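For reference, the structure discussed in these notes is given below.
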Amino acid sequence: MRFTNSLICLHHRDKQVRLTLNPLNVVGDSECVEGLLVCELCNTRYPIVEGVPILIRDFLRYASNRGAVYGSWLLGSKTIEMKEFLRDFATRLNPDSVSNDRYEEDGYWFTPYKWTQYDYTFDDHFLKLLKRDIKPTELYDKIIGQVPVRSEGLALDLGCSMGYTTLQLSRKYSYTIGIDLSFSFVKEARRRMSQANIRNSEFCVADSMDPPFGAMKFDLVLVVNLLELVDPTKLLSSIHGLLKPHAEAFFADPYDYNREPKPKNKFDATTFRALLGDSGFEIFEKSRKAESFIPWILKIANRSYLFYFVDLIRVRKISKHR
């Protein structure tokens, strides 16, 4: 765990109480495969499972939405302490309410995102039909291409998926952290990080609306394809608090509201820019002038694809909310 000193207990956010690492199973010199992050004040314990820290306020609810994943954690536990921790929550699960999240490995979205970020080839039938060569990673590459180098900076990737942008960003920033609610996504991101021997990035399971970090911690925040899944006003307030004064954020979104449950608040390029201004952000001139149309492709199945045009907006935090 290379970023333990960046984490705070979600139950003591105002006091920014740090978490202490209790490693249960360590591989090599420093890789914690199983362990607990413990709050110094309330003794709340956040598990590290298969190397993945899980920083979720309501762990029982999180587990109930991932029945198959939770079962694999129990079966794969390496230590008595972790088995006891997981069994304790298992006894409180209501079998009638256990489900499997769409973003986990046995769900709907794992394979499409893996294809888009890492597994596509230009032999793909759909890609060959396009009039110009479009990489499925074009959106991510354009975002990273606009990020200035900040060799001493700390960056946060909210809803990082399988970590493609987080790991690319590690070439420009001193340290990058990616968070996502999907355990399977974060596990895959950490596998890619290890495979590439990247030492200045880390990933954890956490809620973008309730991130386990202190105020004014980051020099940059990336947000890709999150607006339809959360309350945008609350999200922007959280990001404003996480950023240092005059730090930057990038938002990329297709404004796709054709999903269930239907979001309460819908935004387009114009209304979201207005919300950014009202939320304490200054939009860079290039992003302010016009909506962008960057292609983004996800392969759903052999003969089924999602093709989006995504809007990319670069902003700077101003001192206060307007």
>> Condition first: within 12 Å of the chain's Cα centre (by Cα) and either surrounded by fewer than 23 Cβ atoms within 10 Å (Cβ to Cβ) or touching a residue at least 60 places away in the same chain (Cβ under 8 Å) (or both). Now tell me which residues in the stretch 167-178 satisfy that.
In response: Ile177
> Among the residues of the stretch 14-37 satisfying the criterion of being out of contact with any strand residue (DSSP E or B) (no Cβ under 6 Å at 6 or more places or on another chain) and without any contact (Cβ under 8 Å) to a residue 12 or more places away in the chain, which is least open to solvent (accessible area, probe 1.4 Å)?
Replying inline: Gly28
>> I'm told Phe85 meets every condition in (1) touching a His at 6+ places or on another chain (Cβ under 9 Å); (2) buried (at least 18 other Cβ atoms within 10 Å of the Cβ) except one. Can you identify the failing condition by its number?
In response: (1)
>> Looking at Gly76, Gly67, Gly107 in this structure, which one is under 19 Å from Phe185 (Cβ atoms) and exposed (fewer than 15 other Cβ atoms within 10 Å of the Cβ)?
In response: Gly76
> Taking the stretch 110-124, which residues are open to solvent by less than 30 Å² (accessible area, probe 1.4 Å) and not β-branched (Val, Ile, Thr)?
Replying inline: Phe110, Pro112, Tyr113, Trp115, Gln117, Asp124
> Leu229 fails exactly one of the following numbered conditions: (1) open to solvent by less than 40 Å² (accessible area, probe 1.4 Å); (2) under 30 Å from Lys264 (Cβ atoms). What is the number of that condition?
Replying inline: (1)
> Scanning the stretch 288-307 for residues that are part of a loop (DSSP other than H, G, I, E, B) and loosely packed, with under 13 Cβ neighbours inside 10 Å, which turns out modelled with the lowest pLDDT?
Replying inline: Ala290
> Can you tell me which residues in the stretch 114-145 are assigned to a loop (DSSP other than H, G, I, E, B) and polar (S, T, N, Q)?
Replying inline: Thr121, Thr137
> Quick one: in the stretch 256-287, which of the residues that are under 18 Å from Val224 (Cα atoms) and in a helix (DSSP H, G or I) is most open to solvent (accessible area, probe 1.4 Å)?
Replying inline: Thr270
> Looking at the stretch 262-287, which of the residues that are basic (Lys, Arg) and under 23 Å from the mean Cα position of the chain (by Cα) is modelled with the lowest pLDDT?
Replying inline: Lys262
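The values are calculated or read from the model by the stated rules, or taken from the named source; none is laboratory data. Here the structure is a predicted model, which is why all the values come from computation and not from measurement. When we count neighbours, we look across all protein chains shown, and the Cβ atoms used for this are built from the backbone with ideal geometry, even at glycine. Side chains included, ligands, DNA and RNA excluded: accessible areas come from the protein's heavy atoms. Shrake-Rupley method; radii C 1.70, N 1.55, O 1.52, S 1.80 Å.
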